[in-house]
Amino acid sequence: QVQLVESGGGLVQAGGSLRLSCAASGRSFSNYAMAWFRQSPGKEREFVASIYWSAGSIYGDSVKGRFTASRDNANTVYLHMNNLKPEDTALYYCAAKWGTTARAANEYDYWGQGTQVTVSS
């Protein structure tokens, strides 16, 4: 059974940093792109970052230069978030898709349950 489990969310002040983790299990994700999306109440799910071995990583415009995705191995990915802003407050999801990176949520096959990030002003 495939599972993606996010962790590392919490409450942080504006300007602070957090690192989110996503642990995947149930199969090898070596040929999968891993991504981060976020969603806040009343808003659509937003692309944050996606990472794949040979293709590198891509980022959403609102986080470019502040967030960095990294990957320890096939089944563990991180999202390093710096200079956090109140508008970064959201439920952050980890997702996986076969092949290279993509921005569209509907291209991703597996999803975690999310971890909450709250940034206070």
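The values are calculated or read from the model by the stated rules, or taken from the named source; none is laboratory data. Remember, it's a predicted structure, so these values are computed and weren't measured experimentally. Positions of Cβ are generated from backbone atoms using ideal geometry, with glycine treated the same way; all protein chains shown enter the neighbour counts. Calculation scope for accessible area: heavy atoms of the full protein, side chains included, ligands and nucleic acids excluded. Shrake-Rupley method; radii C 1.70, N 1.55, O 1.52, S 1.80 Å.
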Subject >> Residues satisfying the stated conditions in segment 22-50, i.e. among the hydrophobic types (A, V, I, L, M, F, W, C) and at pLDDT 95 or above >> reply: Cys22, Ala23, Ala24, Ala33, Met34, Ala35, Trp36, Phe37, Phe47, Val48, Ala49
Original post:
In this structure, is Ser57 closer than 17 Å to Val119 by Cβ, more than 11 Å from the chain's Cα centre (by Cα) and of a type in the set (S, T, N, Q)?
Top reply: no
**OP:** Please enumerate the residues belonging to segment 39-64 that are open to solvent by 30 Å² or more (accessible area, probe 1.4 Å) and of a type in the set (Val, Ile, Thr).
**Re:** Ile58
**OP:** Report the residue count in segment 65-76 for those that are open to solvent by 30 Å² or more (accessible area, probe 1.4 Å) and more than 17 Å from Met34 (Cα to Cα).
**Re:** 1
Original post:
Out of (1) in a loop (DSSP other than H, G, I, E, B); (2) open to solvent by less than 30 Å² (accessible area, probe 1.4 Å), what's the single condition that is false for Glu6?
Top reply: (1)
Original post:
If you go through segment 13-26 one residue at a time, do you hit one that is farther than 17 Å from Trp111 by Cβ, in a strand (DSSP E or B) and polar (S, T, N, Q)?
Top reply: yes
Original post:
Is it true that Leu84 is over 13 Å from the mean Cα position of the chain (by Cα) and buried (at least 17 other Cβ atoms within 10 Å of the Cβ)?
Top reply: yes
Original post:
In the list Asp109, Asp72, which residue meets the criterion of being at pLDDT below 95 and acidic (Asp, Glu)?
Top reply: Asp72
**OP:** Would you point out the residue of segment 24-38, among those that are under 22 Å from Gly99 (Cβ atoms) and either in contact (Cβ under 8 Å) with a residue 60 or more places away in the chain or in contact with a helix residue (DSSP H, G or I) (Cβ under 8 Å, 6 or more places away or on another chain) (or both), that is surrounded by the most Cβ atoms within 10 Å (Cβ to Cβ)?
**Re:** Ala35
Subject >> Residues satisfying the stated conditions in segment 87-114, i.e. farther than 15 Å from Glu46 by Cβ and under 14 Å from the mean Cα position of the chain (by Cα) >> reply: Ala96, Lys97, Thr101, Tyr110, Gly112, Gln113
**OP:** Hey, can you tell me all the residues within segment 90-119 that are open to solvent by less than 40 Å² (accessible area, probe 1.4 Å) and polar (S, T, N, Q)?
**Re:** Thr101, Thr115
Original post:
In segment 44-88, what count of residues is obtained for those that are in contact (Cβ under 8 Å) with a residue 24 or more places away in the chain and basic (Lys, Arg)?
Top reply: 3
